[in-house]
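As structure tokens, the structure follows; a few thoughts come after it.
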Amino acid sequence: MNFKSIIQHSIPLLAILFFTSCAPEVIEKPTALTLSEGFENPMGFYDATPTFSWQLPVAKDVSSQTAYRIVTASSPDLLPENADLWDSKKQETSQSTWVNYNGKPLTSRQKVYWQVRYWNQDGAPSAWSETQHFELGLLNNSDWQAKWVGLNTAKDSVRGRGKVLIHKPQYLRKSFEVPDKVASARLYITSKGVFDVSVNGTDVSDDVMSPGFTTYDKRIETLSYDVTDLLVSGQNAIGIELAAGWYSGRLLWGNTPWDNTISPKILAQLEITMGDGSKKLILSDSSWKGMTNGPLEFAEIYDGEIYNANLELPNWTTADFDDADWTSVTTSEIDAGVKLEPKRHTAVKDKIKLTTKEITKKDGAVIFDLKQNMVGVPLVQAPMKKGDTLKIRFAEMLSPDGTFYTKNYRSAHSTDYYIAAEDGNITYKPKFTFHGFRYVELSGFDPSKEPTKDWVTGIVQYSDFDENGTFTSSHDKLNQLQSNIVWGLRGNFLDIPTDCPQRDERLGWTGDAQVFGPTSMFNSDVYKFWASWLQSVREAQLEDGAIPWTVPDARGNKIASSGWGDVCTIIPWKIYRRTGDIGFLEANYEMMKKWVAHHELKSENYISNMMSFSDWLQPFPENGDNRGDTSKNLIGTAFFAHSAKLTAQTAAVLGKKEEQATYDALYETVAQAFDEKYFDETGKVKEVPETQTSYLLALAFDLLPENKRKNAQANLLRKLNDADNHLRTGFLGTPLLSEVLDEMGEIDLMYKLLFNESYPSWFYSINQGATTIWERWNSYSKEEGYNPKSMNSLNHYAYGAIGEWMYERIAGIAPLEAGYKTIKIAPQSNTPLTSASATYETPFGQVASSWTIEDNLFTLKTTIPPNTTATVILPGDKEKELLLDGAPIKNKNSVQLIKTSIDSFELLVRPGTYNFQTILKTR
């Protein structure tokens, strides 16, 4: 080969090498891609204008983001360079969360594919992410061609507890033909009631108690399922079990804005795309058939189920079942004033299995102890004789004589029955009810058989979310408290945030929700859960701005309570601080303004006269009232000012300067009225009872002038000292206790209150055997037995609000900027702890803080996720050396020492994992 040929053959290779060497290095792709409130590849999605979020990988060449590009398309084959729906182009910004979709309008049923890439701190581009997708559900009522169908069960029903109609469960079915091979099939479905659906004998999903509990007079959520693989060419069938649930079932008070006397109904629309592209619709209509003489004879949330195996209907959801003697359904049109919208948070599912730990025989029955108070249903596998009835009872605790304690269930019968069709082992799991329990009692089983632990398994049910954080320490009782908080959350997050899961209530009490919401965000991934419930709160808000006591509203008395209705300002702000999602504030801002207007309506000269449950269940009330001793008007005025302030802060974030000024001025005016009415010149409460909570509200909500704050703090300490340094706070005061004492620098005292063993304290219930948070500080004691009051739930999360302080101050993880874009790591160590650690999944990735003390050596291990920065504050003697990874610290790009004090170090830290050590200053 001559020289010319060599050159000609070499030029292309040289060019490739040249351009390859000059091309920017491609770095690791983004991870944890989600939509809106954290959805991953959702089916039947609710949001046609979603937001996009992603995380940067933990990699040595990735510290922060300088730009991103998002592409969306109608087909994955068009990505990334031929996106036909939206191409954001390269956006020079560090934003990696809550990026608004800004492409072509999206419509019902549409499937969208998307990818994202980012550029790191050095301008290097990442590889494209894995392709993600979402498919929209039916977004508008006009998308539905089906009709509501069902049987008139009201005419056959009986008057139950609370004089409500008890509707017999329905069995509904439809046979249909599919002429050809199916390319895809979607089932869109909902109910006025709760349902379980099967196609050709196979359950469509493992969802529980669908569609869930919403403001049914305003909105009913719909579910979307991919049933492509369940259909066959030829004859097919769909079968639905339908029960009353929340819609037509028994609820406390039962005075709902929707008509809860009607028979339950189903709405179903099966849309089939054939292999040739043609469409076929199977709609709920007058051609469906139904009956009520099936095995499930009774199903109520409060009262349990009756299942008669003698009435089972083999293969009734298959095509070859003969339904000739079934009844034609009645139909009704879709209600024009009630929105049908895709479910906007995850459905309830079976989440955890608990095995029986101990068996006790008692008076012919057998008691199975799971050793953990839980919410859900039992899976019962027990031997029976034909015709016998197995009675399944539940209790959270036992009476001193070993019998069931069910007084706290009040009128909730909370009992399941199974009638055997033949001799042998039965398997039964209730479907349309749930119970709060630790103990299960069986009677009516085959007496010739010896009971074994595997007869009963606890199936824990709650909305399908995962853990979002962890907390542990060197103290067993503090760890048990954390466990009790988590189990209280699991037990009361069954589609809505409930007050309790066992008695004749189980409602979305707003006061309980507002105090526990922040703690819940640390422990579980519940953003979408709260976003969904806040939509119900917006829908339930009355014309005068009042927020009902419970949401959805079961009382219907059109009266709001201060401290309870303020959930509509407190939760939006607190969740914004956790997530950084401005869209959440936008969605709730008008509701916040209307609520503040209602506060003003219920006040005179800015002093509240609103009804209030006040500092609910305050211990040792001098007035003997469940509402405690703190003045309801003082409480109402304090929350009036606080809600005005939160609304002003929200206006500021949303860039509404004039409205911010208006609400700031209102806050100042109400605060001044509060101060003049309730505090004298020495910073002492006047005219009304002096309580710990009265001082906590004034200090936490910043309602006093600077010259009174110190005296008010001193008066709070005096009230605590008068109580032998024990709390005297109820639902509203307790969450503020740690916040205020921390702000005062009273860490020793807060630790003392937290670690108190005697009543009232968090450890008191643990010493009595609690495995969840209790409604009362003294729901039970080993010496005195059960509290005689009728409200005595042993699974009630409100006092679990202390968990927020455990994460933020004991472990030391808190946001300095909304959404943890900047993080504060500042653990507060104190006796009796020698260690504590926590992790938390921020929108940017996991942050971790773990500290130990050994021989006066304080060690902090912390992880800061990419695309954030952190301020780390360590306790330590400034005269001693601060170590990083065992060596003296030197300012460098990732860590900078920015301040020292006599007993602490403050550092600015970039993403990474660090091991700091200091010598504590001797007290």
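The values are calculated or read from the model by the stated rules, or taken from the named source; none is laboratory data. Owing to the predicted nature of the structure, the values given are computational and were not obtained by experimental measurement. When we count neighbours, we look across all protein chains shown, and the Cβ atoms used for this are built from the backbone with ideal geometry, even at glycine. When the accessible area is computed, the model is the full protein with side chains, heavy atoms only, and any ligands, DNA or RNA have been set aside. Shrake-Rupley method; radii C 1.70, N 1.55, O 1.52, S 1.80 Å.
Brief remarks follow.
- Yes/no for PHE432 being under 24 Å from ALA554 (Cα atoms) and touching a residue at least 60 places away in the same chain (Cβ under 8 Å): yes
- Set side by side, the residues LEU874, LEU857, LEU882, LEU833 differ, and just one is at negative phi, of a type outside the set (S, T, N, Q) and open to solvent by 30 Å² or more (accessible area, probe 1.4 Å), which is LEU857.
- Residue, nearest to LEU172 (Cα to Cα), within region 279-304, restricted to residues that are out of contact with any strand residue (DSSP E or B) (no Cβ under 8 Å at 6 or more places or on another chain) and in contact (Cβ under 8 Å) with a residue 24 or more places away in the chain: ILE301
- Of the residues making up region 28-83, those that are open to solvent by 10 Å² or more (accessible area, probe 1.4 Å) and of a type in the set (Phe, Trp, Tyr) number 3.
- Residue count for region 554-574 satisfying the condition of being touching a residue at least 60 places away in the same chain (Cβ under 8 Å) and among the aromatic types (Phe, Trp, Tyr): 1.
- Qualifying residue in region 807-829 (condition: in contact (Cβ under 8 Å) with a residue 60 or more places away in the chain, closer than 14 Å to LEU481 by Cα and not β-branched (Val, Ile, Thr)): yes
- Listed here are the strands (runs of 3 or more DSSP E) enclosed by region 17-111 that have at least 1 residues being farther than 30 Å from PRO211 by Cβ: 31-35, 51-55, 65-73.
- A count restricted to region 84-106 and to residues that are more than 15 Å from ARG69 (Cα to Cα) and either of a type in the set (Asp, Glu) or open to solvent by less than 80 Å² (accessible area, probe 1.4 Å) (or both) stands at 1.
- Cβ-Cβ distances below 7 Å connect the following pairs, each with a first residue in region 525-553 that is within 16 Å of LEU35 (Cα to Cα), a second residue that is polar (S, T, N, Q) and assigned to a helix (DSSP H, G or I), and a separation of six or more residues or different chains: VAL526/SER520; TYR527/THR579.
- Checklist (1) at pLDDT 95 or above; (2) over 25 Å from GLU467 (Cβ atoms) applied to ASP885, failing item: (1)
- Note on region 188-231: residues that are closer than 20 Å to ASP285 by Cα and of a type in the set (D, E, K, R) amount to 3.
- Selection status of GLN115, among the polar types (S, T, N, Q) and assigned to a strand (DSSP E or B): yes
- There is at least one residue in region 348-356 that is under 21 Å from ALA244 (Cα atoms) and open to solvent by 20 Å² or more (accessible area, probe 1.4 Å).
- Which numbered condition TYR840 fails, given (1) in contact (Cβ under 8 Å) with a residue 24 or more places away in the chain; (2) closer than 26 Å to LEU478 by Cα; (3) more than 31 Å from the chain's Cα centre (by Cα): (3)
- Helices (runs of 4 or more DSSP H) wholly inside region 640-739 containing at least 2 residues that are touching a Gly at 6+ places or on another chain (Cβ under 8 Å), among the charged types (D, E, K, R) and surrounded by 15 or more Cβ atoms within 10 Å (Cβ to Cβ): 706-722
- Whichever residue in region 306-337 is open to solvent by less than 50 Å² (accessible area, probe 1.4 Å) and of a type in the set (Gly, Ala, Ser) and, among such residues, is nearest to the chain's Cα centre (by Cα): SER332
- Highlighted here are the strands (runs of 3 or more DSSP E) found entirely within region 159-268 that include at least 1 residues which are over 28 Å from the mean Cα position of the chain (by Cα) and at pLDDT 95 or above: 170-178, 182-192, 194-199, 234-243.
- Pick from region 691-714, criterion touching a Ser or Thr at 6+ places or on another chain (Cβ under 8 Å) and of a type in the set (S, T, N, Q), ranking: nearest to THR637 (Cα to Cα): SER694
- Single unsatisfied condition, SER765 versus (1) over 21 Å from THR403 (Cα atoms); (2) of a type in the set (Ser, Thr, Tyr); (3) open to solvent by 10 Å² or more (accessible area, probe 1.4 Å): (1)
- Identity of the residue in region 559-584, touching a Leu at 6+ places or on another chain (Cβ under 6 Å) and surrounded by fewer than 24 Cβ atoms within 10 Å (Cβ to Cβ), that ends up nearest to PHE844 (Cα to Cα): TYR576
- Check on TYR799, among the hydroxyl-bearing types (Ser, Thr, Tyr), open to solvent by 20 Å² or more (accessible area, probe 1.4 Å) and assigned to a helix (DSSP H, G or I): no
- Candidates LEU340, LEU354, filtered to the one that is within 30 Å of VAL178 (Cα to Cα), outside any loop (DSSP other than H, G, I, E, B) and within 28 Å of the chain's Cα centre (by Cα): LEU340
- Filter result for PHE620 (part of a loop (DSSP other than H, G, I, E, B) and either touching a strand residue (DSSP E or B) at 6+ places or on another chain (Cβ under 9 Å) or open to solvent by less than 30 Å² (accessible area, probe 1.4 Å) (or both)): no
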